[in-house]
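Colleague: Handing you this structure, nothing more for now.
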Amino acid sequence: MLLLAVVSGVRWLFAPDGYGGGGTAFALLGAGVGALLAALMVSAPGRRSGGHLNPAVTLALWRLGAFPGRDVVPYLVAQLSGSVVGTSLAGRVWGPVVSRPPVSHAVVRPGPGWGDGAVVAAEAGVLAGSALLLAGLLARPVGRRVLPYAVGVVTALVIAVLGPLSGGSANPARQFGPALLSGEPGLLWVYGGGPVLGAVVGAGLVAMVRGRRGAGRAAVAYSRPGGPPVVPGRP
């Protein structure tokens, strides 16, 4: 659902016969994706599954001891498979325009002047901050209640601000399906490795500040399948 919405948004906001692109288009896309992400996290399926839509955050929760290792691979497979299926469905819904530039299956690309290293740093920074935000909100009852909406707002800001610059992906699943179907897998290591690096670093910082055992107790009831949704996936 998330990637179907993302590709559809890119089709109508950036194609010549749509809005036509620009900074406002990124802001509109971010607002729509953030709202959808929050809705998916508070939905019944989101609550039953734990709301994991971002492989990098799933890995971070595992590193914190807040998510069982046996479930990591199934979640990663589901997230990446969903990316491919959602992207493919958008192509069937909107036709050939999805495969042509500037839509190109909504594949994420950096803006002018952004090299691979800078993009990795930006992606890692977003996920490190997200891991810290996640831990902070989970530590307080009121934070747990507002978490899905906070994730939606952060996602909207990342897309609006970093979209025209580094690409603003911050989620390996966001890039996986579009990169494969567009025939542009060259930057998968950037938009996959950067978020994973940032999530691991963020988890390490949380462990340093609180102690691994304390961080795990704060998060485990809210990150496993069957608990309330806790984590973002950024389109």
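The values are calculated or read from the model by the stated rules, or taken from the named source; none is laboratory data. Just so you know, these numbers come straight off a predicted model, no measurement behind them. For neighbour counting, all protein chains shown are included, and Cβ atoms are generated from backbone atoms with ideal geometry for every residue, glycine included. For the accessible areas, the whole protein counts, side chains as well, though only heavy atoms, and no ligand, DNA or RNA atoms are used. Shrake-Rupley method; radii C 1.70, N 1.55, O 1.52, S 1.80 Å.
Colleague: From the residues in the stretch 183-203 that are open to solvent by 30 Å² or more (accessible area, probe 1.4 Å) and touching a residue at least 12 places away in the same chain (Cβ under 8 Å), which one is nearest to Arg92 (Cα to Cα)?
Modeller: Glu184
Colleague: A follow-up question, please. Taking Val77, is it modelled with pLDDT of 95 or more, open to solvent by 10 Å² or more (accessible area, probe 1.4 Å) and out of contact with any strand residue (DSSP E or B) (no Cβ under 7 Å at 6 or more places or on another chain)?
Modeller: yes
Colleague: Looking only at the stretch 146-177, count how many residues are part of a helix (DSSP H, G or I), under 20 Å from Tyr75 (Cβ atoms) and open to solvent by less than 30 Å² (accessible area, probe 1.4 Å).
Modeller: Of the residues in that region, 9 qualify.
A quick yes/no check of all residues on (1) of a type in the set (Phe, Trp, Tyr); (2) surrounded by 19 or more Cβ atoms within 10 Å (Cβ to Cβ); (3) under 27 Å from Arg11 (Cβ atoms):
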site: Pro45; (1), (2), (3): no, no, yes
site: Ser49; (1), (2), (3): no, yes, no
site: Asn54; (1), (2), (3): no, yes, yes
site: Thr58; (1), (2), (3): no, yes, no
site: Leu64; (1), (2), (3): no, yes, no
site: Val73; (1), (2), (3): no, no, no
site: Gly95; (1), (2), (3): no, no, yes
site: Arg100; (1), (2), (3): no, no, yes
site: His105; (1), (2), (3): no, yes, yes
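Colleague: I've got another one for you. Within the stretch 34-69, work out how many residues are under 19 Å from Val154 (Cβ atoms), out of contact with any Phe, Trp or Tyr (no Cβ under 6 Å at 6 or more places or on another chain), small (Gly, Ala, Ser) and assigned to a helix (DSSP H, G or I).
Modeller: The number of residues fulfilling the criteria is 6.
Colleague: Just to be sure before I move on: is Gly143 farther than 19 Å from Leu59 by Cβ, modelled with pLDDT under 95 and open to solvent by 50 Å² or more (accessible area, probe 1.4 Å) in the structure I sent?
Modeller: no
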